[in-house]
Amino acid sequence: MENNLKEKPLNTPHDLIVDILEKSYDNKSKSIRNNAIKNMKFNVPQGQFCCLVGPSGCGKTTLLNLLSGLDENLNGIIKYQDGSIPKDWPIGYMFQEPRLMPWLSVKQNVTIVTQQTSEEIELSENLINEMGLSKYMDSFPSELSGGMQRRVAIARAFVNKPKILLLDEPFISLDETVGNLLRQMLLKLWEQQKTTVIFVTHDLREAIYLSDRILFLSKGPSRIIHDFNININRPRKLNDKELDSLRIELISNHPEILSGKI
Amino acid sequence: MSSEISKNKYFRMGNPIYMRIFSFVLLLFVWQISSFLIQSDVLPSPKTVLSIFFNEMVNGEMLYHLGITLWRVILAFTIAMLLGTGLGIAMGSKKNVNIMLDGWHILLLNTPALVIIILCYVWFGLNEIAAITAVALNKIPNVLVTIREGTRAIDRKILQVADVFKVSYKKKFISFFLPQLYPFIMAAARGGISLIWKIVLVVELLGRSNGIGFKLNEFFNLFDIASIFAYTLSFVAVMIFVEYAIISPIERRLNKWRTI
């Protein structure tokens with residue numbers, strides 16, 4: 001039952017190395033320790049778009065919190081090839097909810113996470129324009145639709161030129177049309193900045209459309225059960241037969257992969 | 001037809017400005033009628049009160065005492081808001097601080113204002129420091145309760161955004177934490193200012209030789225009810241000014257994003 005980790009050689013300073021022996025946390029209500037992650041090992045080359053797919057409750061958010069440094073309590077290593085840790089460099093994070101500050105305008109919401117130099121303000125404006133929100137620069141989040149709020153969150157995630165961008169099921173509650181528009185916008189910015197992306201989702205179709213590579217996770221305690229490269233040329237078309245056949249092939253080879261078994 | 005509609009709109013009950021004016025005129029009218037019927041010094045007519053009000057204003061006597069009282073209100077208010085907010089944030093965010101200070105807080109919250117005032121005068125003497133301390137101590141527990149609730153209601157997810165993007169600690173506090181607390185700070189300030197000026201009068205009555213409270217006591221001894229009315233009127237006017245010229249505009253500005 002050994003997984004097929006095909007590690008690429010690492011040669012750029014910001015290739016990400018993840019080697020978590022164990023991550024557990026206290027469950028206060030039941031006074032037991034939950035084992036969230038165990039023996040999880042993978043590398044992500046710089047600039048790769050990597051999707052993490054797994055059943056719900058498999059510790060995907062826990063993993064993102066570890067990668068971002070929000071949670072520093074782990075038994076293991078998360079570092080770049082050059083020895084620095086992700087927290088030493090800018091990090092972009094897009095949460096499940098847009099998490100905008102309701103009292104700030106669209107533009108302020110993007111610039112607030114920067115040092116507000118004139119360059120950064122210009123970049124903020126450019127990103128908001130790229131997201132098609134130039135008319136809403138001074139609007140408050142409450143005046144925007146859910147999809148538009150997420151576009152602001154995308155702009156914010158890119159504004160500090162992150163070395164790594166972490167996304168936690170960001171398009172989950174959107175309808176398909178809006179979701180697809182945002183996926184295209186995300187890819188456009190990613191192709192411009194070539195940042196490393198870790199994208200968590202449980203939607204296999206979304207993962208195949210977006211990523212260079214999919215890591216499948218088991219149920220908790222979570223580990224990598226399958227490492228799958230997607231060699232379809234970009235730009236990809238949403239209704240491409242190739243994407244669909246890849247998905248069907250994957251599912252028929254590993255019928256239970258989405259519930260965390262292989 | 002169209003003029004009839006506009007006329008209706010003009011006098012519509014819901015029109016706030018006309019309702020306010022009407023309610024004010026009604027009050028004056030009731031006051032005038034009552035004083036006319038009673039015909040006693042106990043309830044002077046609006047006209048008597050107004051003439052005293054203008055006299056005292058012109059000779060500077062009222063402005064002097066009004067200024068002193070206002071100064072005490074501002075000082076005590078500022079101290080109470082700063083300390084109450086600081087303690088409220090500390091107790092709302094740190095469990096141990098809350099356990100440590102909660103008992104003291106409840107003690108202070110339930111000690112009658114008069115007791116605090118008397119003790120301050122006894123311990124610190126009949127001076128300005130004792131007066132201001134007494135007023136501030138009366139208000140701090142109320143501010144604290146509101147701010148502590150506000151701190152507990154802070155959206156941690158917003159603070160996480162600040163953490164992920166590594167904004168400085170100072171900026172996280174000012175731009176991510178405090179704005180969430182503004183409604184609570186405004187509520188505490190609004191409740192605070194009206195309570196404080198009432199307590200300031202008691203403090204002045206008990207141990208100061210100037211200020212509105214001192215004057216009210218003097219008029220009480222002389223049974224000069226008209227002057228009591230006139231001085232009360234002056235301070236109410238100041239407080240209405242504070243409400244409409246300072247607090248409301250600040251609140252509107254802070255709540256701009258809500259009112260869409």
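The values are calculated or read from the model by the stated rules, or taken from the named source; none is laboratory data. Predicted model, so just to flag it, every value in this text is computed and none were measured. All Cβ positions, glycine included, derive from the backbone under ideal geometry; neighbour counts span all protein chains shown.
Filter region B:208-223 for residues that are among the polar types (S, T, N, Q) and either farther than 28 Å from residue B:39 by Cβ or surrounded by 19 or more Cβ atoms within 10 Å (Cβ to Cβ) (or both) and give the result.
Within region B:208-223, B:209, B:210 qualify.
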Are any residues in region B:224-240 polar (S, T, N, Q) and buried (at least 16 other Cβ atoms within 10 Å of the Cβ), and if so, which ones? B:227, B:234
Hey, among A:45, A:98, which residue is within 11 Å of chain B (Cβ to nearest Cβ) and closer than 29 Å to residue A:155 by Cα? A:98
Residue list for region B:75-91, restricted to those being surrounded by 21 or more Cβ atoms within 10 Å (Cβ to Cβ) and either under 9 Å from residue B:136 (Cα atoms) or in contact with a strand residue (DSSP E or B) (Cβ under 9 Å, 6 or more places away or on another chain) (or both): B:76, B:77, B:80, B:81
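Conditions (1) closer than 22 Å to residue A:237 by Cβ; (2) in a helix (DSSP H, G or I); (3) of a type in the set (Lys, Arg); (4) modelled with pLDDT under 90, marked per residue:
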site	(1), (2), (3), (4)
A:151	yes, yes, yes, no
A:157	no, yes, no, no
A:162	no, no, no, no
A:166	no, no, no, no
A:173	no, no, no, yes
A:177	yes, yes, no, yes
A:187	yes, yes, no, no
A:190	yes, yes, no, no
A:198	no, no, no, no
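The rows are residues; the columns are (1) surrounded by fewer than 17 Cβ atoms within 10 Å (Cβ to Cβ); (2) under 13 Å from residue A:94 (Cα atoms); (3) touching a residue at least 40 places away in the same chain (Cβ under 8 Å); (4) away from chain B (no Cβ under 14 Å).
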site	(1), (2), (3), (4)
A:143	yes, no, no, no
A:149	no, yes, yes, no
A:157	no, yes, yes, no
A:164	no, yes, yes, no
A:194	yes, no, yes, yes
A:231	yes, no, no, yes
A:247	yes, no, yes, yes
Is it the case that residue A:117 is more than 11 Å from chain B (Cβ to nearest Cβ) and under 22 Å from the mean Cα position of the chain (by Cα)? no
Could you look through region A:51-70, keep only residues that are facing chain B (nearest Cβ under 10 Å) and not hydrophobic (A, V, I, L, M, F, W, C), and pick out the one that is farthest from the chain's Cα centre (by Cα)? A:69
Would you mind telling me which numbered condition in (1) in a loop (DSSP other than H, G, I, E, B); (2) buried (at least 18 other Cβ atoms within 10 Å of the Cβ) residue A:110 fails? (1)
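Which ones in region A:221-262 are small (Gly, Ala, Ser) and under 30 Å from residue A:34 (Cα atoms)?
Of everything in region A:221-262, those that are small (Gly, Ala, Ser) and under 30 Å from residue A:34 (Cα atoms) turn out to be A:222, A:259, A:260.
Looking at residue B:248, is it away from chain A (no Cβ under 14 Å) and at pLDDT below 90?
Yes.
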Residue count, region A:74-95 (criterion: among the aliphatic types (A, V, I, L, M) and within 11 Å of another protein chain (Cβ to nearest Cβ)): 2
Mind checking which residues of region A:80-97 are surrounded by fewer than 21 Cβ atoms within 10 Å (Cβ to Cβ) and either part of a loop (DSSP other than H, G, I, E, B) or among the hydrophobic types (A, V, I, L, M, F, W, C) (or both)? A:81, A:82, A:83, A:84, A:85, A:89, A:90, A:95, A:96, A:97
What are the residues in region B:163-214 that are outside any helix (DSSP H, G or I), touching a helix residue (DSSP H, G or I) at 6+ places or on another chain (Cβ under 6 Å) and either aromatic (Phe, Trp, Tyr) or within 14 Å of chain A (Cβ to nearest Cβ) (or both), if any? none
Can you name the residue in region B:149-162 that is surrounded by fewer than 19 Cβ atoms within 10 Å (Cβ to Cβ) and facing chain A (nearest Cβ under 7 Å) and, of all such residues, is farthest from the chain's Cα centre (by Cα)? B:160
